[in-house]
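The values are calculated or read from the model by the stated rules, or taken from the named source; none is laboratory data. All of these numbers come straight from a predicted model, not from anything done at the bench. A quick note on method: Cβ atoms are made from the backbone with ideal geometry, for glycine too, and the neighbour counts reach across all protein chains shown.
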Amino acid sequence: MSEIRAAAESDLEEIWRVQSACPEAATWNAAQYLAHDCKVALVANRVVGFVVARRTAPDELEILNLAVEPPYRRRGVARGLIRCLLDDFRGTAFLEVRQSNVAARKLYHSLGFEAVGIRPDYYRAPVESAIVMKFHSC
């Protein structure tokens with residue numbers, strides 16, 4: 001099991017490393033994540049995953065990026081990161097996911113997200129459509 005905590009500036013190099021190891025994740029400047037709600041998952045005091053989200057309204061959240069190092073996938077790390085964001089959240093959360101990322105889509109669906117739209121040619125390298133998913137909590 002992993003420990004989850006708020007990201008700190010000292011985590012940026014590790015966040016970048018995780019992001020770089022995940023070609024299906026969006027590639028952002030990791031320093032920008034600290035302006036939002038960024039959580040890291042640690043195993044043996046080492047960052048193995050992260051999630052970053054921003055509030056777009058008082059009752060609306062957008063998950064911007066989620067990445068878990070390949071050796072730590074299918075161990076509950078991504079699920080734990082998303083639950084950490086959503087457990088105390090009341091409102092609607094949105095995210096986009098590559099159409100080809102079936103594993104992520106299944107994970108999001110199992111957490112209560114549902115597909116609500118498609119954004120054609122949303123991603124680059126390679127060009128691919130995004131599935132827009134929505135979660136609503138009362």
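Could you please let me know if Tyr108 is within 21 Å of Cys22 (Cα to Cα), of a type in the set (Phe, Trp, Tyr) and either touching a Gly at 6+ places or on another chain (Cβ under 8 Å) or in contact (Cβ under 8 Å) with a residue 60 or more places away in the chain (or both)? Don't jump to the end; show me each part of the working.
Details: within 21 Å of Cys22 (Cα to Cα): yes; of a type in the set (Phe, Trp, Tyr): yes; either touching a Gly at 6+ places or on another chain (Cβ under 8 Å) or in contact (Cβ under 8 Å) with a residue 60 or more places away in the chain (or both): no.
In short, no.
Does Leu85 satisfy the criteria of being surrounded by 19 or more Cβ atoms within 10 Å (Cβ to Cβ), modelled with pLDDT of 95 or more and not acidic (Asp, Glu)?
No, not satisfied.
Quick one: in segment 57-77, which of the residues that are without any contact (Cβ under 8 Å) to a residue 40 or more places away in the chain and over 16 Å from Tyr33 (Cβ atoms) is nearest to the chain's Cα centre (by Cα)?
Among residues in segment 57-77 that are without any contact (Cβ under 8 Å) to a residue 40 or more places away in the chain and over 16 Å from Tyr33 (Cβ atoms), the one nearest to the chain's Cα centre (by Cα) is Arg73.
Given the structure, is Gly80 within 23 Å of Trp16 (Cβ to Cβ) and either at pLDDT 95 or above or surrounded by 12 or more Cβ atoms within 10 Å (Cβ to Cβ) (or both)?
On the way: within 23 Å of Trp16 (Cβ to Cβ): yes; either at pLDDT 95 or above or surrounded by 12 or more Cβ atoms within 10 Å (Cβ to Cβ) (or both): yes.
Yes, satisfied.
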